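Down below is the structure, laid out as structure tokens.
Read-outs throughout are calculated quantities, based only on the coordinates presented, and are distinct from any laboratory measurement. Computed from a prediction, not measured in an experiment: that's the story for all the values here. Because the Cβ atoms are built from the backbone with ideal geometry, glycine has one as well, and the counts that use them run over all protein chains shown.
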Amino acid sequence: MKTLSKHKKILNKLNSKVKKKILWLIAARSGSKSIAHKNIKLLGGHPLLSYRIESVKGTKTEHDLWITTDSEEYASIAQGYGAEVPFIRPEELSVDNSSSIDVVIHAMEYAKKYNKEFDYVGLLEPTSPFIKSNQLDRAISLLEENNEASSIVAIKKARPNRIFIQKESMYLKELSLNLKRLKNFRRQDFEKEITPSGGFYISRWSTFLEQKSFYTSKTLGFEVDEVSGLEIDEPLDWEFAEFIINKKKN
């Protein structure tokens, strides 16, 4: 196959031992339950995964950009937009319960096999198409500047505040108690709460191999705005993404 022949050319490049700052990995498994073939579905005329490729290509940080996928079709599309596809992801790492951590470790081991060295590893998911190049560069800079930090992940403001949330139950007992306490509270009085946005995950290379996680007690948060923080999981999210794309065109 054409894609696999391209892999061989990439392997030749991999054998040259030149250390770069970061290895960006775009994880794009084929298929999707909520939105059919979501990762290659056209958004604004381009496949969803292409937005992550373009955001990395626009960065100033020295990098390699690999897509890890189980699909020859996805691989070919990604290569057309400028990503490298050194391998097709093994079947055992492409099932519904596959761990993204195992996917990252597989790519890191592959890099080591071909003498590729990096300071950092970054995971990007196609479902966050609006992360900007300068946000990626700034996140790496923040991690570099903080010697105690192990990693940095994209976060966004959590909505709604947890005071408006309770476990599913016949009666809204917890909510009722919380809302009674809110009588004299204004929205601006609430403590700010944050949640991961899914926009990116970056770790020091050595730390990730030790911890096997992007989250440690020394993980930094990089706050993104609501548009950059959009994560496409459901059809309604896709409609919002199309609205954003169309608004940018007008």
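For the reader, a short list of remarks on this structure follows.
- Greater than 25 Å apart at Cα, pairs in K20/K113; K57/K192; K41/K249: K57/K192
- Cα-projected label distance for K218 with I105, points at 7 Å along beta-carbon direction, nm: 2.1 nm
- Counting beta carbons within 10 Å around each of W205, W66 and listing the fewest first gives the order W205, W66.
- The range 113-182: chymotrypsin sites (Phe, Trp or Tyr not before Pro) in DSSP loop, at most 14 other beta carbons within 10 Å: Y171
- Computed [θ] at 222 nm, deg cm²/dmol, the chain (DSSP H ≥ 4; -39,500 (n - 2.57); rounded to nearest 500): -11000 deg cm²/dmol
- Compared with the alpha-carbon gap, the fully stretched path from E145 to K21 is longer by 43.2 nm at 0.36 nm per residue.
- Choice from S133, S141, S151 with maximal GNM fluctuation in the chain (Cα, 10 Å cutoff): S141
- Here the Gaussian network model covers the chain, with springs between Cα atoms less than 10 Å apart; of K173, K157, K21, K173 fluctuates the most.
- Degrees, to the nearest 10: 48-57 long Cα axis against longest axis of the chain: 70 degrees
- Listed candidates [x] 165; [y] 178; [z] 124 - label of the one calculated as volume of the Cα convex hull per residue in Å³: [x]
- Computed from the C-beta positions of K60 and K192, the FRET efficiency with R₀ = 22 Å rounds to 0.10.
- Spin-label model distance (nm) - S34 vs L172, 7 Å beyond Cα toward Cβ: 2.5 nm
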